[in-house]
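Notes for the one structure printed next.
The values are calculated or read from the model by the stated rules, or taken from the named source; none is laboratory data. These numbers come from a predicted model, not from an experiment. Here the Cβ positions follow ideal geometry from the backbone for every residue, glycine too, while neighbour counts run over all protein chains shown.
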Amino acid sequence: MTESVEAPLALLAELTHRCPLQCPYCSNPLELERASNEIDTATWLRVLDEAAAMGMHQVHFSGGEPTVRKDLEELVRHADENGLYSNLITSGVLLDRTRLEALAELGLEHVQISFQDTVAPNADRIGGYKGGHEKKIALAHMVRETGLALTVNAVVHRQNIEHVPDFLDMAVDLGAERIEIAQVQYYGWALKNRAAFIPTYDQLKRTTEFVTEARERLKGVLVIDYVVPDYYARRPKTCMGGWGRRFLNINPAGKVLPCHAAESIPGLTFDSVHDHSLAWIWENSSAFNKYRGTAWMPEPCKSCDRAELDWGGCRCQAYALTGNAGTVDPACELSPLHEETFGLAMKEAAGPPPAFIYRRIGADQEQDAPVFAEPAE
Amino acid sequence: MPNFPRGVKFRFNKAKEQWVILAPERLLVPDETAVEVLKLCDGSASVGNIVDDLAARFNAPRDVIATDVAALLQDLADKGFITA
């Protein structure tokens, strides 16, 4: 890079891929890192120092389930000492009151708990973990009692989308200050299970109308973040705020990725925190520079007036649907594959949902082929 | 008495030499005027106190400052960055 690269805002720290839940839409890669590959405490502490020195503002302790790491307390304390704002992104089924209070004492600011539905039987079925929903609700109350900020993360799809109004009520009842209505995004496990998850266009439209109205009604009470499945969109999402622009993600083995799904793109080389500093990787990593900015863009992206707004959408999605990560994101209506993508979503949503392929080590044996062939030039 | 709610921190980022409001998975970089207002939001000063302080220090008409401060705080409250 000749021009200097603005520092990222936040570090996504995937401490582990171990998780007691088996959600079939998990954002982790199909090939999960085993515990024996996880980087040690000292390395994470150094990484946090480097992140703070770069001027990053926040760290998101995530996974897998980050609370399976016994050194979480040490990492939270170190983040706080370095002025980094700590978020804990958790399934909520392993954390007890004693440990939560200790984390709060050490400087944790915010807990995000994922919910699979508002009703226990369906939630537990989707997460593949009996009794999970009840534990999550109990933890949400504890978070509130401990005085930490609370986000309800509602992962929404065709098998629970009718409960979006209930999700909002649940968040208000729990005293959460924020809810993410996050429609499933189709990478990795979710891509494998897409037909089981993608809602119909009508379901999406109704939900969007409801959320838009609720946002106005709950202004100042509940912050609502809303993510739509962009197969039905006209323009792609600004994925990660642009490749290599706002975030960096460290996987459990110490590989530094532009986003959590980046490993799904073959041919990219990711640098490791074992070999380089975070600042060096941010500026020099070939994986970050490959799709950073606008120079890599094909037409019609390059001359598009939205090029520096959506930064070309999502590279992982472009790869998943076309086999070429450097082409137009098919979520964009200017992609020759847009109509086909929309039609595919409609078709899958109209059929009966297939059985889930649950997220677990070794469940990724089926071969993944791109859905569409590369369009003729 | 404007104050920062649970999970919201108004901090100076030393590496970037920049004031920021940090909130759950969000952040906001306030402009210079907003920074002066936010420095006074400690939960014990009323909006009136804040306006008086700014009017004295910046030698500007009190009613103009009052209007600007009210608009700023309402906008931040709507977004969950501050409580009244």
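Of all the residues in the range B:25-38, those that are within 12 Å of the chain's Cα centre (by Cα) and either within 14 Å of chain A (Cβ to nearest Cβ) or in contact (Cβ under 8 Å) with a residue 12 or more places away in the chain (or both) number 9. State all residues of the range B:44-75 that are assigned to a helix (DSSP H, G or I) and in contact (Cβ under 8 Å) with a residue 40 or more places away in the chain; if no residue qualifies, say none. Result: B:47, B:50, B:73. Considering A:295, A:253, A:196, the condition of being assigned to a helix (DSSP H, G or I) and either among the small types (Gly, Ala, Ser) or within 14 Å of chain B (Cβ to nearest Cβ) (or both) is satisfied by A:196 alone. For the condition β-branched (Val, Ile, Thr) and touching a Gly at 6+ places or on another chain (Cβ under 8 Å), residue A:164 does not qualify.
Out of all the residues in the range A:58-76, is one or more more than 23 Å from residue A:140 (Cβ to Cβ), assigned to a helix (DSSP H, G or I) and away from every other protein chain (no Cβ under 14 Å)? Yes.
Within the set B:73, B:22, B:54, the sole residue that is within 14 Å of chain A (Cβ to nearest Cβ) and farther than 27 Å from residue A:82 by Cα turns out to be B:73. Taking the range B:10-24 as the range and being free of Cβ contacts under 8 Å to residues at least 60 places away in the same chain and assigned to a strand (DSSP E or B) as the test, the residues that pass are B:10, B:11, B:12, B:13, B:18, B:19, B:20, B:22, B:23. When residue A:319 is tested against (1) modelled with pLDDT of 95 or more; (2) part of a loop (DSSP other than H, G, I, E, B); (3) closer than 20 Å to residue A:192 by Cβ, exactly one condition is not met: (2). Here A:52, A:79, A:104 are screened, and the one residue that is within 14 Å of chain B (Cβ to nearest Cβ), under 20 Å from residue A:141 (Cβ atoms) and among the small types (Gly, Ala, Ser) is A:104. Among the residues of the range A:223-249, the one identified as within 14 Å of chain B (Cβ to nearest Cβ), at pLDDT below 95 and touching a Cys at 6+ places or on another chain (Cβ under 8 Å) is A:240. Every condition in (1) touching a Pro at 6+ places or on another chain (Cβ under 9 Å); (2) modelled with pLDDT of 95 or more; (3) within 29 Å of residue A:122 (Cβ to Cβ) holds for residue A:13 except the one numbered (3).
A count restricted to the range A:1-56 and to residues that are assigned to a helix (DSSP H, G or I), of a type in the set (A, V, I, L, M, F, W, C) and in contact (Cβ under 8 Å) with a residue 12 or more places away in the chain stands at 8. Residue B:41 fulfils the conditions (1) assigned to a strand (DSSP E or B); (2) in contact with a Pro (Cβ under 7 Å, 6 or more places away or on another chain) except for a single criterion, (1). Residue A:38 falls short on exactly one of the conditions (1) more than 13 Å from chain B (Cβ to nearest Cβ); (2) among the acidic types (Asp, Glu); (3) under 26 Å from residue A:171 (Cα atoms), and that condition is (3). Only one of the numbered conditions (1) more than 14 Å from chain B (Cβ to nearest Cβ); (2) out of contact with any Leu (no Cβ under 8 Å at 6 or more places or on another chain); (3) more than 21 Å from residue A:285 (Cβ to Cβ) is violated by residue A:89, and that is (1).
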